[in-house]
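Everything below concerns the one structure shown next.
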Amino acid sequence: MLDPALAVTNPEATISATAPGGFRGLYRAFFDHAEKKRRWNVVDGIPWDQVKHQAVDEDLVEILEAFYSVEMYLPDYSAKLIALNRQNHGMAWFLTNWCYEESKHAMVIEEWLIRSGRRTPQQMEQLNDRLLAGEWQLPFTSTRRMLIYSMMQELATQLNYVNLSKLTAPAGDAALQKLILLIASDEGLHHKMFVDCVKEHLNADRAGTVEDLAYVLQHFAMPAHDQIPDWKRKGELIERHRIYGGRQFVTRVLVPTLKSLEVDRKELQIGRARSDS
Ligand SMILES: [Fe+2]
Ligand SMILES: [Fe+2]
């Protein structure tokens, strides 16, 4: 029989004992699919010869640079998330693969910013130094809350990229369109993996998981904005161009995620009441 204390502090122990495959099975399926169907590389995965130099509106370049800035906290995302999950075999291995995929996002955006002539290598170095000087902290301390947070954040991130791609499309820069859509595809599959993992938690402890879901939603904010220089202005640009904001979060992130999890609003309200008490 499971030690009840272990089940509370390490919910994955419950899951791996009760669900065939569990996180390890989910990760293996995710990894095999990525290896067979989804791998891309920065050098020849993008039609770099089709980069345009002045076609994209400067507001949109600035927004792309803001997304790049969020991706640049990867050393903190990777170190802290893997440390938090190091005893969960499937999740720890998934996160190592996740870090690899996330690392390409910053690389490919930086490459476009420089190749398009919109930023110089020196400007990027200065930005990188400023970004790496700050440190992102985990917004939640439990593995389950961080998993729920990551699930929401990945879909919100995908939405940000997809909406940006709609605004950049008229510029006709095939390289930019390709790289944004490759990133968006990665983010969407990260979201799906996190959804599947949260479902495992729901199966093991539905009431506690819904309570954590309600708690995370009450405190949700996209990552690293407090660290990124001049975020207020960048956030306003993102909202002004209707790429992302509170309304999009509810309709395009929260509603579809609850549907994927098969959690309705009434159940969420009950969870919220419990998390408030
Ligand atoms: Fe990313
Ligand atoms: Fe992602």
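The values are calculated or read from the model by the stated rules, or taken from the named source; none is laboratory data. These figures come from a predicted structure and were not determined experimentally. Note: ideal-geometry Cβ built from the backbone for every residue, glycine included; neighbour counts use all protein chains shown.
The residue list His225, His201 contains one member that is at negative phi and assigned to a helix (DSSP H, G or I), which is His201. Here Ser116 meets each of (1) of a type in the set (S, T, N, Q); (2) surrounded by fewer than 16 Cβ atoms within 10 Å (Cβ to Cβ); (3) away from ligand 2 (no atom under 16 Å from the Cβ) with one exception, condition (2).
Taken together, Val198, Val216 contain a single residue that is within 16 Å of ligand 2 (Cβ to nearest atom), more than 18 Å from Tyr68 (Cβ to Cβ) and in contact (Cβ under 8 Å) with a residue 60 or more places away in the chain, which is Val198. Annotation for segment 78-86: at least one member residue is over 15 Å from Ala224 (Cα atoms), away from ligand 2 (no atom under 12 Å from the Cβ) and in contact (Cβ under 8 Å) with a residue 40 or more places away in the chain. For the subset of segment 166-191 comprising residues that are surrounded by fewer than 19 Cβ atoms within 10 Å (Cβ to Cβ) and either without any contact (Cβ under 8 Å) to a residue 24 or more places away in the chain or of a type in the set (Val, Ile, Thr) (or both), which member is farthest from ligand 1 (Cβ to nearest atom)? Across segment 166-191, the extreme among qualifying residues is Pro170. Among the criteria (1) part of a helix (DSSP H, G or I); (2) free of Cβ contacts under 8 Å to residues at least 60 places away in the same chain; (3) within 25 Å of Glu101 (Cα to Cα), the one Ser260 does not fulfil is (2).
Could you please let me know if Ala19 is out of contact with any Gly (no Cβ under 6 Å at 6 or more places or on another chain) and at pLDDT below 95? Can you show your working first?
Numbers: out of contact with any Gly (no Cβ under 6 Å at 6 or more places or on another chain): yes; at pLDDT below 95: yes.
In short, yes.
Which residue is surrounded by the most Cβ atoms within 10 Å (Cβ to Cβ), if the candidates are limited to segment 78-95 and must be more than 16 Å from Glu135 (Cβ to Cβ) and within 15 Å of ligand 1 (Cβ to nearest atom)? It comes out as Phe94.
Looking across segment 33-61, the residues that are in a loop (DSSP other than H, G, I, E, B), surrounded by fewer than 14 Cβ atoms within 10 Å (Cβ to Cβ) and under 24 Å from the mean Cα position of the chain (by Cα) come down to Arg39, Asn41, Val43.
Residues in segment 150-164: is at least one touching a Leu at 6+ places or on another chain (Cβ under 6 Å) and either within 16 Å of ligand 2 (Cβ to nearest atom) or in a helix (DSSP H, G or I) (or both)?
Initially, segment 150-164 is screened for residues touching a Leu at 6+ places or on another chain (Cβ under 6 Å), giving none.
No, that holds for no residue.
Does segment 172-193 contain at least one residue that is part of a helix (DSSP H, G or I), more than 27 Å from Val51 (Cα to Cα), over 14 Å from the mean Cα position of the chain (by Cα) and not hydroxyl-bearing (Ser, Thr, Tyr)? Checking segment 172-193: not a single residue is part of a helix (DSSP H, G or I), more than 27 Å from Val51 (Cα to Cα), over 14 Å from the mean Cα position of the chain (by Cα) and not hydroxyl-bearing (Ser, Thr, Tyr).
Would you check which residues across segment 118-149 are of a type in the set (D, E, K, R) and not in a helix (DSSP H, G or I) and list them?
Arg118, Arg119, Glu135
Restrict the check to segment 121-139 and report whether at least one residue is modelled with pLDDT under 95, more than 12 Å from ligand 2 (Cβ to nearest atom) and either within 18 Å of Leu26 (Cα to Cα) or of a type in the set (S, T, N, Q) (or both). Yes, there is a match, as at least one residue in segment 121-139 is modelled with pLDDT under 95, more than 12 Å from ligand 2 (Cβ to nearest atom) and either within 18 Å of Leu26 (Cα to Cα) or of a type in the set (S, T, N, Q) (or both).
State yes or no: is Gln158 surrounded by 18 or more Cβ atoms within 10 Å (Cβ to Cβ), closer than 15 Å to Glu71 by Cα and polar (S, T, N, Q)?
yes
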